Amino acid sequence: MLEDPDELAVLEEIQQELILEEQSVIEQYERSLQFDEECLNATLDGLDVSDKVICPVCRKNYLTVQNHLVFCQCGLYISTQGMTEEKLRSLLENTVTEHSHRCFHNPEFRVSSGMEEEASLLMSCPV
């Protein structure tokens, strides 16, 4: 038995610190679970729009392909001939896959717009 009040106070202080640390760990775990759930829901929501193509330039918005045009809210605007979302997705996937066989860096995309030529989507590697 502890009879010294100072020892008892120290032990109570240690117990309080351990309780606070345990609560902090539980809160972190709950936040992590919530984040994981939000990520899973976002992924599942993304599965519903699997026919959409994400803009390779901004990587935020979906591309729209219609009337021989490919465009995005970010400002990407390219005139095309006979392009469909499926064909565009396939071209982008094949090009990125081919690059990844030679290089482990992610390629970057931009739109070129020369004086006399029409805009083109260009892929380059920062390496």
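Here are some notes:
- Residue within the range 57-71 that is loosely packed, with under 14 Cβ neighbours inside 10 Å and in a helix (DSSP H, G or I) present: no
- Considering the range 37-56, and only residues there that are open to solvent by less than 80 Å² (accessible area, probe 1.4 Å) and either in a helix (DSSP H, G or I) or hydrophobic (A, V, I, L, M, F, W, C) (or both), the residue that is modelled with the lowest pLDDT turns out to be Val49.
A quick yes/no check of all residues on (1) touching a residue at least 24 places away in the same chain (Cβ under 8 Å); (2) more than 22 Å from Lys60 (Cα to Cα); (3) loosely packed, with under 14 Cβ neighbours inside 10 Å:
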| position | (1), (2), (3) |
| --- | --- |
| Glu85 | yes, no, no |
| Glu93 | no, no, yes |
| Val96 | yes, no, no |
| His101 | no, yes, yes |
| Phe109 | yes, no, no |
| Ser113 | no, no, yes |
| Cys125 | yes, no, yes |
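- Comparison of Gln23, Gln34, Gln81 shows that the only residue that is modelled with pLDDT of 85 or more and open to solvent by 100 Å² or more (accessible area, probe 1.4 Å) is Gln34.
The values are calculated or read from the model by the stated rules, or taken from the named source; none is laboratory data. Since we're looking at a predicted model, the values are computed, not measured. Note: ideal-geometry Cβ built from the backbone for every residue, glycine included; neighbour counts use all protein chains shown. These accessible areas exclude ligands, DNA and RNA; they are computed on the full protein's heavy atoms, side chains included. Shrake-Rupley method; radii C 1.70, N 1.55, O 1.52, S 1.80 Å.
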